Amino acid sequence: MDISNKLLEFVKSSKSITFTLGVVSGILLFLPEHYVHDFKLEKIISTYKPYLFITFIFTFVLTLVNMWLMFLERFLLWEWIIHHWKIFYGKKHLKMTVTNEEKEILKNYIKNETRFQSLDYTSGVVSILMTKYIITEGGSTAYNGYLDYVIHDWAWLYLNKNKELLD
């Protein structure tokens, strides 16, 4: 009883249905002739061969796409791409469009050799540095209108190597 329920659940899921259809259509398409004759499937296979072929190709492609998506998900490739895009975008901002107010905040990180700093969470400058992926909130508890903000590792290293950007 338990095995039949598990089998039914397996067949119900969309990925499983795709895989099951692919296997069944592949077996019917590529079954050796003596088995086709033994199971008396000649008429069914000859009548539905084009549909079996289309089903087999379609399910094969869907299975490959599912496997590719699972591969990307498993190795977090998408998150890696987004993370590195944010770093690229942040470096571009640091090189080209840093305002004097932003420089003052970033100088305090480098000058004091700290990765934490209490900043006014209502400040637009702090919001810009957060959207540029340079700093992030270090905690959720505000004290007198200030929150702790942490500079990202890449920004810390980059600014320590390129201190002239803050002059």
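The values are calculated or read from the model by the stated rules, or taken from the named source; none is laboratory data. Keep in mind the model is a prediction, meaning the values are calculated, not measured. Glycine also receives a Cβ, built like all others from the backbone with ideal geometry; neighbour counts cover every protein chain displayed.
With the requirement that a residue be more than 18 Å from THR20 (Cβ to Cβ) and among the aromatic types (Phe, Trp, Tyr), what does region 30-69 give you? Result: TYR35, PHE39, TRP68. Does at least one position in region 106-118 carry a residue that is outside any helix (DSSP H, G or I) and on the phi > 0 side of the Ramachandran plot? Checked region 106-118: at least one residue is outside any helix (DSSP H, G or I) and on the phi > 0 side of the Ramachandran plot. Could you check, for region 101-115, whether at least one of its residues is closer than 15 Å to LEU166 by Cβ, within 26 Å of the chain's Cα centre (by Cα) and surrounded by 18 or more Cβ atoms within 10 Å (Cβ to Cβ)? Checked against the condition, which is being closer than 15 Å to LEU166 by Cβ, within 26 Å of the chain's Cα centre (by Cα) and surrounded by 18 or more Cβ atoms within 10 Å (Cβ to Cβ), region 101-115 yields no hits at all. If you go through region 76-118 and pick out every residue that is free of Cβ contacts under 8 Å to residues at least 12 places away in the same chain and either touching a His at 6+ places or on another chain (Cβ under 6 Å) or not acidic (Asp, Glu) (or both), you end up with 18. Among the numbered conditions (1) surrounded by 13 or more Cβ atoms within 10 Å (Cβ to Cβ); (2) under 31 Å from the mean Cα position of the chain (by Cα); (3) hydroxyl-bearing (Ser, Thr, Tyr); (4) not in a helix (DSSP H, G or I), the only one that TYR158 does not meet is (4).
Within region 121-130, the set of residues being touching a Leu at 6+ places or on another chain (Cβ under 8 Å) and surrounded by fewer than 16 Cβ atoms within 10 Å (Cβ to Cβ) comprises TYR121 only. Among the residues of region 62-81, those identified as in a helix (DSSP H, G or I), surrounded by 11 or more Cβ atoms within 10 Å (Cβ to Cβ) and under 12 Å from the mean Cα position of the chain (by Cα) are LEU69, MET70, LEU72, GLU73, LEU77, TRP78, GLU79, TRP80, ILE81. Taking the criterion of being within 36 Å of the chain's Cα centre (by Cα), exposed (fewer than 11 other Cβ atoms within 10 Å of the Cβ) and either at pLDDT below 90 or outside any helix (DSSP H, G or I) (or both), no residue of region 23-61 qualifies.
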